[in-house]
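Q: For reference, the structure I am asking about is given below.
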Amino acid sequence: MKQANTQRRQLFSGCSFLQMRMLALCWFAYIFAYLLRMNLSVAIPVIKQSEGYSNTQIGLLTSLFFLTYTIGQLLSGLLGDHLRSKPLLVTGLLLSACCNLGCAFSSGLPMLFACWILNGFAQSMLWGPLIRTLSLWFNARQLERVSFYMALSTITGYACSWGLASFLSERLDWRAAFWLPAVLVLLFAALLLLLFRSTPQRPLPAQEHEPGLAAEAPRSLDDPSPVVPRLSLFAYLGRICFPVLFLMAAAQGLVREGVGVWLPTVLTESGYFPADSLWFVLLVIPLMNLAGVLFVQKLLRRAGQNSGKILFFLYILITAAAALLFFLGGSNVILPLILMVLLLSVTYGTGPIFTSLIPFQLSAYGRVSLTAGLFDFSIYCGAALSGAISGALSDGYSWGTVYLFWLLAAAVGLLAAVAWFFFSKRGTAPGSKPAKAK
């Protein structure tokens, strides 16, 4: 145990200053991206009160955002494996900032819809290229820790976005929650133009891979030949059993984004948490999400990065929490709050398995950006369904019906996790052993 801890502490000891700078830039890039996407969730109660919009209208707005996000993920994922990351990343951040400025100065619902829908496409240009960049800058044995740090960026982004948007919405108005983050991101984009490098000048030396991680991928776009012969797209999707992974990731996105988008509204409508007191609750929640990520990382280390075994266990937890929320959620406001925070925590801990760990494990196929894009596509297909359906169900029925909807999605994810567990036991799934060509 002591030797393992020493190895983890020394994992980045051989990294250069440029490598650590690139990790920091990628980390902050995604935090700033979250400032431009999660601000809407906190601003929803204030927007509804000042503009008179319904849950159905707001739910449709969030679903259309996720729809353009999912479509953009496929495009940016494909491009990210062939183009340099810097132009995609900077363009995405600049476009997202402009969309937020448009929301801030919108004069009605149509303009708000147009800007937020375009923002979904802009946000889709970020994650795949970021993961592709990191796979080129770090060796395979370092990517497990890199995926953990990138998972922390989403949690930190949530905390910063929710805290800043809540403060601005209440102290100024809801429009400030859009224009001030946009200004900050414009300044950060200028920094990226100066410091960001898509690839290292020299390929990194190959190192022996850890159990559960794929062999080294090429470390420069100038050397595109992968270690494992490149499969056709459909052959690749079949090899990784993507339909099962799609169902799992979509269920995770539906539950996670459903809870994440509507939790502030549920708390406000309960009457126990006035809008001006939500900031405290919304800052505590990311700490629970961090606990979820740490919990999953510990499980992965104990299981030797076996994704099948861990995803099976995690979906049991997600389904159990969703079932308790449905059956006991109407008793009082504290219990639904605890259960929804638990759902957020576990689903956030599950996310990095899809969005970074498995793409890194499959890096030898030379499709890191595409794989990350496909998983983000899957997650936000579920999120797109969640926004509109959850909003319509809450308006037409009750929040209990919304909880049932989340429970059904979790059950579908659990069934897919069972299938993935048996698939991974065959030894061909990512995480069961390093991927090798037949």
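The values are calculated or read from the model by the stated rules, or taken from the named source; none is laboratory data. Predicted, not measured: the structure shown is a model, and the values here were computed from it. Glycine gets a Cβ as well: all are built from the backbone with ideal geometry, and neighbour counts include every protein chain shown. Side chains included, ligands, DNA and RNA excluded: accessible areas come from the protein's heavy atoms. Shrake-Rupley method; radii C 1.70, N 1.55, O 1.52, S 1.80 Å.
Q: Å³ per residue of the Cα convex hull, for the range 108-209?
A: On the way: hull volume 11.5 nm³, N = 102.
Measuring per residue, one finds 112 Å³ for the Cα hull of the range 108-209.
Q: Let me ask something else. Using a 10 Å cut-off on Cβ atoms, rank the peptides 182-189, 68-75 from the highest mean neighbour count down.
A: 68-75, 182-189
Q: Ratio to report: Rg/Rh of the range 46-178, with Cα atoms as the point set and Rh obtained by the Kirkwood method; give two decimals.
A: Details: Rg = 16.9 Å, Rh = 16.4 Å.
Rg/Rh: 1.03.
Q: Taking the highest mean first, how do the peptides 83-93, 32-42, 57-67 order by number of other beta carbon atoms within 10 angstrom per residue?
A: 32-42, 57-67, 83-93
Q: With every protein chain present, what accessible area does TYR149 have (1.4 Å probe, heavy atoms only), rounded to the nearest 10 Å²?
A: Result for TYR149: roughly 70 Å² accessible.
Q: Another question about this same structure. Mind ordering 291-300, 95-104 by average Cβ neighbours within 10 Å, highest first?
A: Most protected by this proxy first, the peptides run 95-104, 291-300.
Q: May I pose another question? Residue by residue through the range 32-40, which ³J(HN,Hα) values in whole Hz follow from phi under the Karplus form 6.51 cos²θ - 1.76 cosθ + 1.60 (θ = phi - 60°), with glycine and proline marked x?
A: Along the range 32-40, the couplings run 5, 4, 5, 4, 9, 10, 8, 5, 4 Hz.
Q: Compare LEU393, LEU195 by solvent-accessible area with a 1.4 Å probe and give them largest first, with all protein chains kept in place. Don't skip to the end; give the middle numbers.
A: On the way: LEU393 35, LEU195 55 Å².
Largest accessible area first, the list is LEU195, LEU393.
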